[in-house]
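Please read the structure below before turning to the comments.
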Amino acid sequence: MILGVHISGVEKIYEALDKAKGLGCNTMQIFARNPQKWRSDFLKPEDIEEFNRRQEKLKINPVFIHISYLINLASPNPRLYGASIDAYIEDILEAQAMGADYIVTHMGSHKETTEEAGIKRLTEALNRILEKTGGSSVGILLENTSGSGSWLGYKFSHHKEIIKGIKNKERIGLCLDTAHAYLAGYDLATKAGLDTLLSEIDKMVGLKLIKLIHFNDAKGTLGSHQDRHDHIGKGSIGLEGMKRILNHPKLRDIPFILETPKKTEEDDPMNLKVTRKLRQD
């Protein structure tokens with residue numbers, strides 16, 4: 001099983017690898033910079049070199065980088081839209097230097113405009129980003145959302161339209177967040193609900209495009225559209241639902257990353273332990 005967590009709370013970027021290894025993980029997700037601020041500088045070359053060295057030594061692979069929360073590639077605000085594209089390009093170039101495999105991104109908010117207009121802006125932004133980073137091997141994973149506010153990506157017809165408009169599709173994939181899917185209205189607590197979700201993804205874009213699963217239980221009611229994660233087995237999806245997802249033959253070989261609550265240092269080990277017990281080999 002390829003299993004990891006979102007690693008945070010480290011001073012140096014390469015220390016995330018040690019933390020992942022200490023948790024018994026063989027993959028991880030990180031923020032490469034402060035997700036709540038615009039970039040003020042880049043990682044130091046010596047820190048990137050040390051990251052590369054430790055990754056090879058500790059065999060943490062693949063490495064996923066989650067994009068900054070400030071970036072909105074669907075924004076109708078010209079200034080924010082342009083700044084988001086520029087920041088995204090910088091992030092991909094830095095991720096390439098780090099040897100990261102994928103950047104995970106929410107699909108943006110269309111604000112007071114329409115979903116169609118937001119999808120059009122997002123598609124155009126991704127085409128510009130892919131063109132400007134043509135020499136990069138870093139993939140872009142479009143994450144599904146819970147559908148709160150004016151966020152895109154709560155149904156996979158959005159992904160279909162965006163991918164349809166991408167000129168260079170080779171580097172585009174999906175990140176499936178289980179909590180977001182449940183809160184958007186897909187009943188992953190049941191076998192029928194999971195089958196419905198996978199059938200829709202397969203019909204819209206193809207299951208082969210799922211390169212990462214954010215393995216999170218959901219805090220809230222089905223279809224509530226509130227983005228709240230819970231500990232594995234303690235949320236609305238529940239132990240049986242999470243077990244069914246983890247062991248599904250079409251999903252089990254995909255990397256799983258936990259983004260469960262981190263109120264204490266014991267939370268990640270606890271959720272990893274529960275996840276490993278749910279796995280049927």
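The values are calculated or read from the model by the stated rules, or taken from the named source; none is laboratory data. Just so it is clear, the model here is predicted, and its values are computed rather than measured. Counting neighbours? That spans all protein chains shown, and the Cβs are built from the backbone with ideal geometry, glycine included.
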Check off (1) closer than 29 Å to D268 by Cα; (2) in contact with a Ser or Thr (Cβ under 9 Å, 6 or more places away or on another chain); (3) of a type in the set (V, I, T) for T178 and give me the number that stays unchecked. (2)
Filtered residues of the range 105-126 (kept if surrounded by fewer than 19 Cβ atoms within 10 Å (Cβ to Cβ) and aliphatic (A, V, I, L, M)): A117
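Need a quick list: strands (runs of 3 or more DSSP E) entirely within the range 20-126 having at least 2 residues that are in contact (Cβ under 8 Å) with a residue 24 or more places away in the chain and among the β-branched types (V, I, T). Please lay out each step first, then the result.
Values: elements: 28-30, 63-66, 102-106.
Where strands (runs of 3 or more DSSP E) fall fully within the range 20-126 and carry at least 2 residues being in contact (Cβ under 8 Å) with a residue 24 or more places away in the chain and among the β-branched types (V, I, T), they are 63-66, 102-106.
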Matching entry among D227, D268 (being assigned to a helix (DSSP H, G or I) and under 18 Å from the mean Cα position of the chain (by Cα)): D268
Does I48 satisfy the condition of being at pLDDT 95 or above and under 20 Å from the mean Cα position of the chain (by Cα)? no
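Could you grab me the full set of residues in the range 127-170 that are in a strand (DSSP E or B) and either touching an Asp or Glu at 6+ places or on another chain (Cβ under 7 Å) or among the basic types (K, R) (or both)? Walk me through how you get there before you give the answer.
From the range 127-170, those in a strand (DSSP E or B) are 139-143, 151; that's our starting set.
G139, E143 - these are the residues of the range 127-170 that are in a strand (DSSP E or B) and either touching an Asp or Glu at 6+ places or on another chain (Cβ under 7 Å) or among the basic types (K, R) (or both).
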Tell me, yes or no, whether the range 69-85 has at least one residue that is over 21 Å from G153 (Cβ atoms) and touching a helix residue (DSSP H, G or I) at 6+ places or on another chain (Cβ under 6 Å). no
Does G173 fit the bill of being among the small types (G, A, S), modelled with pLDDT of 95 or more and in a strand (DSSP E or B)? yes
Consider E11 against the criteria (1) over 24 Å from H106 (Cα atoms); (2) modelled with pLDDT under 95; (3) touching a helix residue (DSSP H, G or I) at 6+ places or on another chain (Cβ under 8 Å); (4) not basic (K, R): it satisfies all of them except one. Which criterion is unmet? (3)
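State whether one or more residues within the range 239-257 are of a type in the set (D, E), buried (at least 18 other Cβ atoms within 10 Å of the Cβ), touching a residue at least 24 places away in the same chain (Cβ under 8 Å) and assigned to a loop (DSSP other than H, G, I, E, B).
Our first condition is that a residue be of a type in the set (D, E); within the range 239-257, this holds for 240, 253.
Next, only the ones that are buried (at least 18 other Cβ atoms within 10 Å of the Cβ) stay: none.
Taking every residue of the range 239-257 in turn, none turns out to be of a type in the set (D, E), buried (at least 18 other Cβ atoms within 10 Å of the Cβ), touching a residue at least 24 places away in the same chain (Cβ under 8 Å) and assigned to a loop (DSSP other than H, G, I, E, B).
Report, by residue number, each residue of the range 163-190 that is touching a strand residue (DSSP E or B) at 6+ places or on another chain (Cβ under 7 Å) and β-branched (V, I, T).
First, the residues of the range 163-190 that are touching a strand residue (DSSP E or B) at 6+ places or on another chain (Cβ under 7 Å): 163, 166, 171-179, 182-183.
Scanning the range 163-190 gives I163, I166, I172, T178.
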Among what's in the range 71-104 and is closer than 16 Å to S148 by Cα and under 18 Å from the mean Cα position of the chain (by Cα), pick the residue that is surrounded by the most Cβ atoms within 10 Å (Cβ to Cβ). A74
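Regarding A125, is this residue closer than 20 Å to A95 by Cβ and touching a Leu at 6+ places or on another chain (Cβ under 6 Å)?
yes
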Do we find a residue being touching a helix residue (DSSP H, G or I) at 6+ places or on another chain (Cβ under 8 Å), more than 20 Å from K211 (Cα to Cα), modelled with pLDDT of 95 or more and surrounded by 19 or more Cβ atoms within 10 Å (Cβ to Cβ) anywhere in the range 24-43? no
Kindly list the number of the only condition in (1) under 17 Å from the mean Cα position of the chain (by Cα); (2) in contact (Cβ under 8 Å) with a residue 24 or more places away in the chain; (3) farther than 21 Å from L122 by Cβ that fails for N144. (3)
Determine whether S137 is polar (S, T, N, Q), surrounded by fewer than 18 Cβ atoms within 10 Å (Cβ to Cβ) and within 17 Å of A179 (Cβ to Cβ). no
The range 188-234, residues that are surrounded by fewer than 19 Cβ atoms within 10 Å (Cβ to Cβ) and among the polar types (S, T, N, Q): T190, T196, S199, T221, S224, Q226
